[in-house]
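One structure is given here, and the rest of the page talks about it.
Values quoted throughout were computed directly from the atomic coordinates according to the rules given, and no laboratory measurement underlies them. Remember, predicted model here, so these are calculated numbers, not experimental data. Quick reminder, even Gly has a Cβ in these numbers, built from the backbone with ideal geometry, and neighbours come from all protein chains shown.
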Amino acid sequence: MTPEIAKQLLFRMMRIRYVEETIAARYSEQAMRCPIHLCTGQEAVSAAVGLVLRPSDFAVSGHRAHGHYLGKGGNLRAMLAEIYGKKTGCAGGRGGSMHLIDESVGFMGSTAIVGNTIPVGVGLGLSIQLSGSDAVSCVFLGDGAAETGVFFESMNFAAVREIPVLFVCENNLYSVYSPLHVRQPKGRKIFRLAQAIGVEAEHGDGNDVEAVYAMMKRAVADIRRNGGPRFLEFDTYRWREHCGPNFDNDIGYRTEQEYLAHRMQEPIKRQHDKLIQSKLLAPEELAAFGESLRVEIEDAFCYAIESPFPDDTDVRARLYA
Amino acid sequence: MPESISTASRQLTFAKAINEALNVALEADDKVICYGLGADDPKGIFGTTLGLRQRFGSARVFDMPLSENAMTGVAIGASLNGIRPVMCHQRLDFFLLAMDQLVNNAAKWFYMFDGQRSVPITIRLILGRGWGQGPTHSQNLQAWFAHIPGLKVVMPTSPADAKGLLLSSIFDPNPVLFIEHRWLHNMVGDVPEGDVRIPIGPLRVARGGCDITIVSMSYMTVEALHAAEYLQERGVSCEILDLRCVNPIDWQAIFESVDKTGKLLVLDTGAETGSIAGEIVARVAIERMGSLKLAPARLAMPDVPEPTSFGMTKGFYVRAGDVAHKVLDMLALERGDVDAHLVEPIPHDVPGAWFTGPF
């Protein structure tokens with residue numbers, strides 16, 4: 001772990017957090033007219049993956065994809081314009097928050113149905129295998145996706161054909177409001193399922209960004225060298241409501257106590273404190289980064305808000321290529 | 001089009017024509033891959049994929065796990081990076097496991113990502129009928145697929161169309177469902193050699209006529225042709241339009257024929273309610289009411305699952321005799337000797353007496 005990477009991991013997490021916090025703050029203005037699923041608290045995985053993967057590697061994700069998109073290098077202005085339904089959005093306003101894409105950095109798409117991009121990522125991996133390159137296809141999924149049939153089917157095929165895929169599972173314990181214990185047997189670990197299917201798998205602390213980075217780096221290097229697939233499960237926690245900008249501990253599906261206990265694990269503060277204490281990061285450098293971030297995000301929101309809507313005559317276009 | 005194009009034709013079965021199209025496509029473009037349950041087994045999906053793995057290798061032609069949904073998603077993902085997958089299913093019914101990937105991903109990808117990347121996949125679905133195929137091996141659900149914006153749905157009848165339309169489907173930039181009726185697989189017809197493609201969209205006038213327009217698809221076109229031959233002897237001239245595709249539908253050609261004949265009968269291989277036949281009757285009524293001299297009609301399968309028992313499927317399918325009866329009724333002509341000329345074949349549940357199962 002070089003100091004530069006340790007700092008980059010923090011800065012990347014901060015960027016994702018700040019973007020999400022600004023979305024949350026402005027959501028009630030009714031200008032972002034689509035469902036949003038914020039990843040506040042889960043930034044470590046997204047921050048690490050962008051430093052491990054190359055732009056020529058692929059990634060796909062699901063409905064909670066802002067962090068994955070930004071982590072992979074997706075264009076912030078285009079993402080916000082998409083959430084605002086604007087013509088300049090990364091999907092021309094047709095997709096909204098749940099359908100992000102930036103092919104220029106290998107982010108090949110996110111979709112709204114749980115588990116639905118897992119096989120798409122495996123198919124991208126198959127195309128890599130057929131072309132003989134050393135690229136990797138990364139599939140982001142959550143704990144809920146590990147209950148879908150397509151999860152088992154996709155993992156099985158990836159294992160049987162040794163497809164170069166990195167499966168990254170963020171286990172945040174909730175699917176909408178359903179806790180893990182009503183969905184999966186007590187004590188079973190998702191990464192053990194992956195192992196049983198025949199995929200090499202590991203499990204790690206999703207709040208320790210340096211550990212996430214190290215595990216990903218090892219797995220990706222291994223895929224490039226020996227072929228895939230690999231599966232990584234990270235324990236993390238969803239801070240805000242399933243869909244929307246608010247905190248929802250008052251509605252009764254989880255306790256405030258549980259929430260606070262997980263929040264104590266805070267990946268950003270943890271990395272921040274570590275770097276400050278070890279004097280790898282000067283307060284002035286952090287302040288300068290914070291200021292540049294504020295400017296960047298303000299600019300991106302202005303761009304999104306000022307961009308034009310697509311013309312309503314465009315609604316019938318681009319049905320077929 | 002490749003330079004080797006040739007139009008010399010020979011007589012081939014529908015199944016052999018499919019096999020030839022796959023050979024031509026795999027040869028023409030090394031991005032084409034072909035997979036499905038049994039794609040390289042000794043039967044080769046009713047002979048349609050025989051020899052492909054031996055010729056093109058197991059990286060491009062392969063068997064797959066029993067994972068219809070994931071393997072459709074795999075096709076989609078591969079196609080996003082330039083691969084042209086052809087997926088084969090021995091029965092349409094099995095493919096119902098893949099509706100999420102088909103409807104939510106394949107059909108939508110180009111549109112929902114604003115035209116950035118299309119999904120050039122071809123999905124071959126084989127329709128069953130007869131020989132006790134029963135409730136879950138015989139469904140004709142083309143109307144479902146035609147209902148979903150973003151898909152193309154092809155249903156050829158002749159061996160030449162099977163080859164030419166499959167080649168067009170494989171090289172089309174969009175997701176195409178290519179639906180083959182099992183009872184057509186052994187039909188023989190002229191098939192041109194080489195990379196000869198037939199455009200997806202225009203229908204085929206299977207028989208010219210002036211008294212009534214019969215629109216049909218896939219295997220029903222065969223029954224319609226038998227009926228028309230008999231009706232010609234009775235002095236009734238039928239124009240038979242073989243749809244070839246049920247999405248898009250060649251509306252202009254249908255309207256022109258109805259303008260000429262003033263009468264419309266639509267045949268469908270699927271169940272009546274919500275059928276393609278219903279859509280055609282509706283749109284002709286809406287757009288060409290002035291041309292119609294009498295109410296349009298349709299003949300389709302009953303709105304019940306297909307039973308397995310030989311005893312229960314007698315009279316179950318729409319046959320040439322039913323078509324002839326309907327046309328004569330519409331024209332207010334006596335039914336006469338239809339039943340003597342167009343008897344339900346014995347046995348009634350196979351494409352020909354030569355067919356002795358088990359598939």
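Once the Cα atoms are used to define both axes, helix B:14-28 deviates from the longest principal axis of chain B by about 30 degrees. Evaluated with a Cβ-only charge set (Lys, Arg +1; Asp, Glu -1), chain B carries a dipole of roughly 400 debye about its Cα centre, given to the nearest 20. Dipole magnitude for the protein assembly as shown: about 660 debye, using +1 per Lys or Arg Cβ and -1 per Asp or Glu Cβ, origin at the Cα centre.
At a Förster radius of 30 Å, what calculated FRET efficiency corresponds to the Cβ-Cβ distance of A:A282 and A:A261, to the nearest 0.05? Approximately 0.40, to the nearest 0.05. Name the long-range amide H neighbours of A:E233: under 5 Å, sequence gap of 5 or more, or other chain; modelled H, no Pro or chain starts. Result for A:E233 returns A:C169, A:E202, A:H203, A:G204.
Where does chain B land at 222 nm, in deg cm²/dmol rounded to the nearest 500, when only DSSP H runs of n ≥ 4 count, each adding -39500 (n - 2.57), divided by all residues?
Working: 12 runs with 113 residues, N = 359.
For chain B, the value works out to -9000 deg cm²/dmol.
In sequence order, segment A:170-182 has phi-based couplings of 9, 8, 9, 6, 10, 10, 6, 10, 8, x, 4, 5, 8 Hz under the Karplus curve 6.51 cos²θ - 1.76 cosθ + 1.60, θ = phi - 60°, and Gly or Pro positions carry x. Counting only other chain Cβ atoms within 10 Å of each residue's Cβ, the peptide A:152-164 averages 4.
Here A:V114, B:V74 are placed in order of increasing Cβ neighbour count within 10 Å, fewest first, which gives A:V114, B:V74.
The angle separating the long axis of helix B:159-171 from the principal Cα axis of greatest extent in chain B is about 40 degrees. Among the listed pairs B:K152/B:K293; B:K293/B:K326; A:K72/A:K279; A:K186/A:K269; B:K16/B:K326; B:K163/B:K260, which are separated by more than 25 Å between their Cα atoms? Checking Cα-Cα distances, B:K152/B:K293; A:K72/A:K279; A:K186/A:K269; B:K16/B:K326; B:K163/B:K260 exceed 25 Å.
For a test of the definition: using alpha carbon positions, the gyration tensor, and the 1.5 limit on a/c, classify chain A as rounded, prolate or oblate. Rounded shape, in that the Cα axes give a/c under 1.5. Among B:D195, A:D299, B:D268, the order by Cβ neighbours within 10 angstrom, fewest to most, reads A:D299, B:D195, B:D268. The HN-Hα couplings worked out from phi for segment B:230-246 by the Karplus form 6.51 cos²θ - 1.76 cosθ + 1.60 (θ = phi - 60°) are 5, 5, 4, 5, 8, x, 9, 9, 9, 9, 10, 9, 8, 4, 6, 9, 9 Hz, whole numbers, x standing for Gly and Pro.
Give the percent of DSSP beta bridges with both residues in chain B that are antiparallel, rounded to the nearest 5. Antiparallel: roughly 25 percent of the beta bridges in chain B. Peptide packing: for B:339-347, B:155-163, B:58-66, the average count of neighbouring Cβ atoms within 10 Å per residue gives the ranking B:155-163, B:58-66, B:339-347, highest mean first. Annotation: the residues B:E223, A:E21, sorted from fewest to most other C-beta atoms within 10 Å of their own C-beta, follow the order A:E21, B:E223.
How much of the DSSP beta bridge set in the protein assembly as shown is antiparallel, as a percent to the nearest 5? Once the DSSP bridges in the protein assembly as shown are tallied, antiparallel ones form about 20 percent. Here the 3J(HN,Hα) profile of segment A:307-321, calculated from phi with Karplus coefficients 6.51, -1.76 and 1.60 at θ = phi - 60°, is 5, x, 6, x, 6, 5, 6, 7, 5, 8, 7, 6, 7, 10, 6 Hz, Gly and Pro shown as x. Close amide H pairs (under 5 Å, H built 1.01 Å from N) link B:D250 with B:L203, residues at least 5 positions away or on another chain. Proximity of backbone amide H atoms, modeled 1.01 Å from N, is registered between B:V215 and B:L241, B:L265, B:V266, B:L267 at under 5 Å, excluding neighbours fewer than 5 places apart on the same chain.
Per-residue ellipticity at 222 nm from helix content only, as computed over chain A with -39500 (n - 2.57) for each DSSP H run of at least four residues, stands at -14000 deg cm²/dmol.
Since only A:L281, B:G352, A:Q42 are under comparison, the one whose Cα sits farthest along the positive direction of the charge dipole of the protein assembly as shown, derived from C-beta charges on Lys, Arg, Asp and Glu, is A:L281. Farthest towards the positive end of the charge dipole of the protein assembly as shown, among the residues A:F152, A:I83, B:I126, is the Cα of A:F152, using unit charges on the Cβ of Lys, Arg, Asp and Glu. Look at where the Cα atoms of segment A:201-270 and of segment B:186-243 average out, and the two centres are 61 Å apart. Charges were assigned to the Cβ only: +1 to each Lys and Arg, -1 to each Asp and Glu. The resulting dipole of segment B:277-342 about its Cα centre is roughly 160 debye. Per-residue extension of 0.36 nm, minus the Cα-Cα distance of B:D339 and B:F355, leaves a gain of 3.4 nm for this segment.
Averaged over peptide A:123-136, the number of partner chain Cβ atoms lying within 10 Å of each residue's Cβ comes to 5. Just want the answer: with Cβ charges of +1 for Lys and Arg and -1 for Asp and Glu, which residue in B:A106, A:G198, A:G96 is farthest toward the dipole's positive end in the protein assembly as shown? It is A:G198, whose Cα lies furthest towards the positive end. Among the residues of B:63-72, the average count of other protein chain beta-carbon atoms within 10 Å of the residue beta-carbon is 6.
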